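Before any comments, here is the structure.
The numbers here are math on the coordinates, done by the rules we state, and not lab data. Note that this is a predicted model, so its numbers are computed, not measured. Note: ideal-geometry Cβ built from the backbone for every residue, glycine included; neighbour counts use all protein chains shown.
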Amino acid sequence: MKRIQTPSKPVRRGWKRRAGRAPRPRPRNMLFSENLKIALRALRANKMRSVLTILGIVIGVATVVALLSIGEGATASITSQIQSGGSNLLTISPGRMQAGPAALSGGSQQASHLYYADYQLLDRALTTNISDIVPVYQASYTVKFGSESFSAPTVGVMEAHKEVRSFEMADGRFITEGDNKSQTLVAVLGSSVAEDLFGELSPIGKIISINGLKFQVVGVLEAKGSSIGSPDENIFIPIETGYNKLFGESAVYNGRKTVNNILVSVTDEKNMDTVSATVEYMLRRSHELKTSDELDFNVMNQSDTLETLNTVTQTLTIFLGAIAGISLLVGGIGIMNIMLVSVTERTKEIGLRKAVGATKNQILTQLLIETFTLSLLCGVVGILLGVGIALAFSVSGLISSVITANSILLAFFFALIIGIFFGLYPAFRAANLHPMVALRYE
Amino acid sequence: MIHVEELTKVYQMGESEVRALDGASFTIQNGEMVAIMGPSGSGKSTLMSIIGCLDVPSSGRYTLDDVSVENMDETRLADVRGRKIGFVFQQFNLLARTSALENVKLPLTYAGISGRQRDERAMKALERVGLGQRTHHAPNELSGGQQQRVAIARAIVNEPAILLADEPTGALDSKTGVEIMDLFQSLHRDTGQTVILVTHDSYVARHTERIIKLSDGRIISDEKNPNPIKAGAPRMEA
């Protein structure tokens, strides 16, 4: 059964329009969605130009994301390498804490020394909270085996050095207490040194010459990887052998044996500050420093080292980011350039749009939506590309990279702002074109 | 109805002033078909842009359907153009890489007409100019005459009071030009559309019922043409 239309149904609103040329309703502002459609249609109608326009910014965004990720990755890998060296290690070195402009002016700087006696003093004084304390003396000498000959840092150490620095043996044994007592001529090689001297041969038992003195190789260390202070490039000998047979006068100052570093391995990370304070107190006394004097040595722990390195990598990351930022800026100028060309090329079109009733605001809105859409596209495509590059680096094992939300957001909004900023001028220029002049433009 | 009185338009060209229009007055009633004629530099293009609300006069009065438009700002002029004027240009001025239908819909979009109505009305306009079958072709897939038909469809889609054509046959061969003139005449005859042709060609001008001649910004004659040439009829050689 057919439903009968109820009389209460309202009269269709459009009926008036059919009665000839009566005034048509015309909203003061065209709907935004209409303007969006016009802008997208214009972009689609000029695909090649659109692609060229976004290319610069896409590359900029990709660079920012990739560089920041790689910088982030480098920081992470350096941090983990340092921490693998033992995080409870205190390193005592001679010299004032060199920080700030005072270190540069240097007028009152004088060579200061740590003595073997300082080590002996600390060894006696530090009875709790530490597991080991060892002195280190290091100097570079020419090393020879067969026809191979090069200069290598030679480090005088004690048996406990292996524990303090968490060394692993690849072959043979480390320096022992006995070696030191009897001042034997034995050497332990870092992995790179062993490879450079012996290649495929087994070094154990071989005799090498250090500064003309014959040493027997008794051990080779596992590779630690190339980080700062890596043992891979070093040769280790008993420190007593060194003082008595190799180092000579250069290891003596004012008739006292000197050391380069004293390493203290603390049992618990919580006690680092306590131990560090004890060390400062003892050495201050033994160096006869007045309370007003600055320390002529410094005590560094792993977290200090980390902090220093983090500052370096952060600077590096900012530097890389800035370079990428410049490429974004150049990309932005590219957008302006192409939008200007596009506005000039479309002068007639803009004139025509005005002739058929487009207002200044509608033209302005259309062009701004066009640049906004382009910038948005730049951001998305650039981020995908940048993440791709970063991942490619990671997967290839070349450089590890860590992609952070921060770097992505930064690049994205930077692209958006640059795109819109550089799109404003061409849009205003187009909107202000006189319709008659625009229509006549050839 | 168009009523202009003592229209002048002065352009500043560096140091000197150029009087493109110098006191033009006339009235064009609804439903007339008029030609504005003159050599280049006579001020006819300036007059056309003022009548078409693309520009405002330096002085003088212009009322369009009893509304004074000489002092309107840009936004209101855009509104008047959108509702009352349909333009046809010598070079067609269609949007490239955009279908005929989309081109015709353009004025409706700016007039804020809803989507479905736009399609219907644009189709009707295209059928009216005889292009109902080629609505999805882009301008570069159409001949010159077809492109001008699309432009005419775009001009009439808003049912404007005035159809303003600037040398509409200037870029066409004579045979196609005759077809376009025939289309203007039939639009005028069938719907009582006011048609104003701006041209330098007296043969084109003689297709209309009234010829206003301009020279140096002044009207030098304004005469009825009792026997307009009928487009499509064999041309009489003088």
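Averaging the sequence gap over all C-alpha pairs within less than 8 Å and six or more residues apart, then dividing by the number of residues, gives chain A a relative contact order of 29 percent. Stretching the chain fully between B:Glu159 and B:Ser215 yields a gain of 17.0 nm (0.36 nm per residue, less the alpha carbon separation). The sum of -39500 (n - 2.57) across all DSSP H runs of n ≥ 4, divided by the residue count of chain A, sets its helix-only mean residue ellipticity at 222 nm to -17000 deg cm²/dmol.
Taking amide H as placed 1.01 Å from N in the peptide plane, the amide H of A:Ser401 sits under 5 Å from that of A:Ser394, each at least 5 places away or on another chain. Under a Cβ-Cβ cut-off of 12 Å, what is the net charge of the residues other than A:His161 that fall near it, where Lys and Arg count +1 and Asp and Glu count -1? That sum, taken over residues with Cβ under 12 Å, equals -3. In chain A, the longest principal axis of the Cα atoms and the axis of helix A:32-45 are about 70 degrees apart. Working note: Karplus 6.51/-1.76/1.60 with θ = phi - 60° gives the range A:304-313 the couplings 5, 4, 4, 4, 4, 5, 4, 4, 5, 5 Hz, where Gly and Pro are set to x.
Here's how it looks for A:Asn261: its modeled amide H is under 5 Å from those of A:Val136, which are all 5 or more places away or on a different chain.
Dividing the mean sequence gap of close Cα pairs (under 8 Å, 6+ apart) by how many residues the range A:176-233 holds gives a relative contact order of 39 percent.
Rounded to the nearest 10 degrees, the inclination of helix B:74-84 to the longest alpha-carbon principal axis of chain B is 60 degrees.
Listed from fewest to most Cβ neighbours within 10 Å, the set B:Lys124, A:Lys162, A:Lys270 follows the order A:Lys270, B:Lys124, A:Lys162. Peptide B:76-88 has a mean of 4 when you count, residue by residue, the C-beta atoms of other protein chains within 10 Å of its C-beta. When only alpha carbons are used to place a centre, the range B:20-57 and the range A:371-426 end up 55 Å from one another. Residues A:Thr176, A:Thr142, arranged from fewest to most other Cβ atoms within 10 angstrom of their Cβ, appear as A:Thr142, A:Thr176. At full extension, B:Lys124 and B:Ser143 could sit 4.8 nm farther apart than now, given 0.36 nm per residue minus the alpha carbon distance. Comparing B:Arg149, B:Arg83, B:Arg97 in a Gaussian network model of chain B where C-alpha atoms under 10 Å apart are linked, the largest mean-square fluctuation is found at B:Arg97. Among A:Thr278, A:Thr359, the order by Cβ neighbours within 10 angstrom, fewest to most, reads A:Thr278, A:Thr359. Using a simple spin-label model with pseudo-atoms 7 Å out from Cα toward Cβ, A:Ala392 and A:Ser93 lie 4.0 nm apart. FRET efficiency for the A:Gln183 to A:Arg284 pair, using the beta carbon distance and R₀ = 25 Å, is estimated at 0.15.
Compared with the dominant principal axis of the Cα atoms in chain A, helix A:47-84 is inclined by about 20°.
For peptide A:345-356, the mean count of partner chain Cβ atoms within 10 Å of a residue's Cβ comes to 6.
Full extension of the chain between A:Ala125 and A:Glu168 gives 12.6 nm of extra length, using 0.36 nm per residue less the Cα-Cα distance.
Extending 7 Å from the Cα toward the beta-carbon at both A:Arg256 and A:Ile323 defines two label points whose distance is 4.8 nm. Relative contact order for the range A:133-262: 34 percent, from Cα pairs under 8 Å spaced at least 6 residues apart, divided by residue count.
What FRET efficiency comes out for the pair B:Val67/B:Thr27, r = Cβ-Cβ distance, R0 = 25 Å, nearest 0.05? Working from the Cβ atoms, E equals 0.95.
Extending 7 Å from Cα along the Cβ direction at B:His136 and again at A:Thr142 yields two label points whose distance is 8.7 nm.
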